[in-house]
Amino acid sequence: MRHYYVTGYRQVERVEEPMPTPGPGDVVVEMAYTALSPGSNVSGYLSRTRQKPGEALYMGSGIVHQMGEGVQQVKPGDAVAVLGCGHQAFVRVPADSVHRLPATLSLREASVSYLCTWSISALHLGSYAAAETVVVVGQGLVGASAALVADMMGARTLALDTDADRVAFSRTLGLSAVAQPGAPGGAEDMAAFLGETGPDLILETSGSWYGFRQAVEIARDYTRLAIMGIYRQPPPAELGLDLHHLLYTYPSKFHYQRLQIIGCGSDPDEVAYPNPRLATRRRNYAYLLEQASRGRIALGKLITHTLAPSDIGTALGALADGDKHMVGVVFDWRQA
């Protein structure tokens, strides 16, 4: 079977491997679609310290092909979303890593579902309450997923991005409002939507220190700032001083405006008491897939490019070079 690996700096190689066989508690899935995460996957593609081949993604969808001993939650022929897979024709994963799809949800849409379940976790961690105003900074795939989920959960949702192409894409999602900070009229659009109350919750998804600064700047008293983006490098010196001034010098956002800064991973795999919330990653997945099957969130809107697996290296290269037209990139394994 085909299996694509990142083997070095800007290098992707196809390897022919034997089909996997399931062990106890495992399933083997015939992949229909695999999807890129433009943040983590591009970071791995650009790594200069790689010592061995690595996977280029972690989400997709397909059909259960075989099951190992003890698996009961799925059966051969079931359509599933898969977490923790590689770019490969067949994948072996623990049964807990697959999620059976409702009959009305396509495999293509389901391939990008994981990031939306993470967004549900971020809203949990950010203490979102119904009818609040949520600002999503950054409209890459993570940010667009977060904006769609916030909208699905009833938020007044404002999506922000400094790139005109990303703003144009975000306007296709059907959100409450979209604005481009720094562009003519951008500040006025933001002010008109936020009004006097400002944002209750900000989801910072850009992974850019400038995005973080934007989030801090628009925060008001008691705003919660939930960080989904990963800042892989220290801030430039001048920007670091600017952030220090905003956050910690009088009248500081952090102390005097009671700004809360919250780190956002996923909800736990199991409920751990005394945690009062019963949310788990699996419950989030079930909820998201149910809402998608009811038409309450259009996962397909997140997909901008459907390519053949042989285009994996080309797509990673384009994303690494800053192609902003590419947001949701999936690979159709039913193509040659």
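Can you name the residue in region 162-173 that is in contact (Cβ under 8 Å) with a residue 24 or more places away in the chain and not hydrophobic (A, V, I, L, M, F, W, C) and is also surrounded by the most Cβ atoms within 10 Å (Cβ to Cβ) among such residues?
Per the stated criteria, the residue is SER170.
Six or more apart or on different chains, Cβ atoms under 6 Å: show the pairs whose first residue is in region 17-29 and touching a residue at least 40 places away in the same chain (Cβ under 8 Å) and whose second is among the basic types (Lys, Arg) and not in a loop (DSSP other than H, G, I, E, B).
PRO20/ARG92; PRO22/ARG92; ASP26/ARG92; VAL28/ARG92
Of all the residues that make up region 153-189, how many are assigned to a helix (DSSP H, G or I) and out of contact with any helix residue (DSSP H, G or I) (no Cβ under 6 Å at 6 or more places or on another chain)?
13
Go through (1) closer than 17 Å to SER206 by Cβ; (2) surrounded by 20 or more Cβ atoms within 10 Å (Cβ to Cβ) for CYS116 and report which single condition fails.
With respect to (1) closer than 17 Å to SER206 by Cβ; (2) surrounded by 20 or more Cβ atoms within 10 Å (Cβ to Cβ), CYS116 is out only on (1).
Answer with yes or no whether GLY23 is surrounded by 20 or more Cβ atoms within 10 Å (Cβ to Cβ) and at pLDDT 90 or above.
Details: surrounded by 20 or more Cβ atoms within 10 Å (Cβ to Cβ): no; at pLDDT 90 or above: yes.
No: the conditions fail for GLY23.
Evaluate the following for VAL6: is it farther than 19 Å from LEU115 by Cβ, touching a Leu at 6+ places or on another chain (Cβ under 7 Å) and in a strand (DSSP E or B)?
no
Can you tell me which residues in region 261-273 are surrounded by 15 or more Cβ atoms within 10 Å (Cβ to Cβ) and free of Cβ contacts under 8 Å to residues at least 60 places away in the same chain?
Within region 261-273, just ILE261 meets the criteria.
Within region 118-156, track down each residue that is polar (S, T, N, Q) and closer than 26 Å to GLY322 by Cα.
SER119, GLN139, SER145
Within region 86-135, which residues are over 18 Å from SER61 (Cβ atoms), assigned to a helix (DSSP H, G or I) and among the hydrophobic types (A, V, I, L, M, F, W, C)?
Listed by number, the residues that qualify are ILE120, ALA122, LEU123, LEU125.
Within region 274-286, is even one residue within 30 Å of GLU217 (Cβ to Cβ) and either crowded, with 17+ Cβ neighbours inside 10 Å or free of Cβ contacts under 8 Å to residues at least 60 places away in the same chain (or both)?
no
Would you pick out the residues in region 308-322 that are among the β-branched types (Val, Ile, Thr) and in contact (Cβ under 8 Å) with a residue 12 or more places away in the chain?
ILE312, the sole residue that qualifies.
Would you be able to say whether some residue in region 271-281 is part of a loop (DSSP other than H, G, I, E, B), farther than 17 Å from LEU141 by Cβ and at pLDDT 95 or above?
No, the conditions are met nowhere in region 271-281.
When you check VAL71 against the structure, is it crowded, with 17+ Cβ neighbours inside 10 Å, touching a helix residue (DSSP H, G or I) at 6+ places or on another chain (Cβ under 9 Å) and not aromatic (Phe, Trp, Tyr), yes or no? Reasoning before the result, please.
Working: crowded, with 17+ Cβ neighbours inside 10 Å: yes; touching a helix residue (DSSP H, G or I) at 6+ places or on another chain (Cβ under 9 Å): yes; not aromatic (Phe, Trp, Tyr): yes.
Criteria met by VAL71.
Scanning region 35-70 for residues that are modelled with pLDDT under 95 and β-branched (Val, Ile, Thr), which turns out farthest from the chain's Cα centre (by Cα)?
By that ranking, first place goes to THR49.
Step by step: first the residues of region 232-260, then only those that are of a type in the set (Lys, Arg) and touching a helix residue (DSSP H, G or I) at 6+ places or on another chain (Cβ under 9 Å), then the one that is surrounded by the fewest Cβ atoms within 10 Å (Cβ to Cβ). Which residue is that?
This residue is ARG232.
Does VAL327 qualify as being touching a Gly at 6+ places or on another chain (Cβ under 8 Å) and either part of a loop (DSSP other than H, G, I, E, B) or exposed (fewer than 14 other Cβ atoms within 10 Å of the Cβ) (or both)? Can you show your working first?
Numbers: touching a Gly at 6+ places or on another chain (Cβ under 8 Å): yes; either part of a loop (DSSP other than H, G, I, E, B) or exposed (fewer than 14 other Cβ atoms within 10 Å of the Cβ) (or both): yes.
The answer is yes for VAL327.
Determine whether region 13-27 contains at least one residue that is over 25 Å from GLN66 (Cα atoms) and under 26 Å from the mean Cα position of the chain (by Cα).
Within region 13-27, one or more residues are over 25 Å from GLN66 (Cα atoms) and under 26 Å from the mean Cα position of the chain (by Cα).
The values are calculated or read from the model by the stated rules, or taken from the named source; none is laboratory data. Only a predicted model underlies this, so the values are computations on that prediction, with no experimental measurement involved. As a convention, Cβ positions derive from the backbone with ideal geometry for all residues, glycine included, and neighbour counts pool all protein chains shown.
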